[in-house]
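Engineer: My questions will all concern the structure given below.
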Amino acid sequence: MDPAAQIFFLMLAAQFAFTGLLMWSVARRFPARLRLYRFVAPAPVPIFCFAMAITGFLAWMRQQHLPNWDEASTGIVVRMAVSYVVLWLVGVVWGSLVARWTRRR
């Protein structure tokens with residue numbers, strides 16, 4: 001498997017775990033806040049992971065003294081932005097499902 005795909009699937013697992021636990025705890029303790037948390041809860045995991053990945057990639061490009069590192073870095077940033085949106089949407093759907101399951105019990 002491609003290293004980028006491994007990182008994406010690792011982040012997907014972290015997204016499921018973090019969002020699921022946060023939505024479960026909010027649904028049990030503060031059910032009135034579920035609408036807000038449904039959209040906010042999935043955001044921190046991809047932001048944190050992608051910020052670290054982008055910083056590391058740009059530092060590596062500068063360290064290699066590649067002449068066109070600005071042009072090469074734009075492609076990876078666009079792919080990361082698209083995958084962030086996908087991870088956020090998956091987190092919203094997962095958070096909604098966890099909230100519904102928790103409220104039914």
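The values are calculated or read from the model by the stated rules, or taken from the named source; none is laboratory data. Note that the structure is predicted; figures quoted are calculated from it, not measured. In this analysis, Cβ positions are derived from the backbone assuming ideal geometry, glycine residues included, and neighbour counts consider all displayed protein chains. Surface accessibility is based on the protein's heavy atoms, side chains included, excluding ligands, DNA and RNA. Shrake-Rupley method; radii C 1.70, N 1.55, O 1.52, S 1.80 Å.
Engineer: Filter the range 33-58 down to residues that are open to solvent by 60 Å² or more (accessible area, probe 1.4 Å) and among the β-branched types (Val, Ile, Thr) and give me whichever is farthest from the chain's Cα centre (by Cα).
Structural biologist: That would be Thr55.
Engineer: Could you give me the residue pairs with C-beta distances under 6 Å whose first residue belongs to the range 43-70 and is over 21 Å from Gln6 (Cβ atoms) and of a type in the set (Asp, Glu), whose second residue is at pLDDT 75 or above and part of a helix (DSSP H, G or I) wherever it lies, and which are 6+ apart or on separate chains?
Structural biologist: none
Engineer: Same structure again: Which one is most open to solvent (accessible area, probe 1.4 Å) among residues in the range 1-32 that are more than 19 Å from the chain's Cα centre (by Cα) and among the small types (Gly, Ala, Ser)?
Structural biologist: Here the residue is Ala32.
Engineer: Still on this model: Could you check how many residues of the range 1-41 are outside any helix (DSSP H, G or I) and more than 20 Å from Arg100 (Cα to Cα)?
Structural biologist: Qualifying residue count, the range 1-41: 2.
Engineer: Restricting attention to the range 47-105, and to residues there that are in a helix (DSSP H, G or I) and charged (D, E, K, R), which single residue is modelled with the highest pLDDT?
Structural biologist: Among those that are in a helix (DSSP H, G or I) and charged (D, E, K, R), it is Arg100.
Engineer: Taking Pro3, is it out of contact with any strand residue (DSSP E or B) (no Cβ under 8 Å at 6 or more places or on another chain) and at pLDDT 75 or above?
Structural biologist: no
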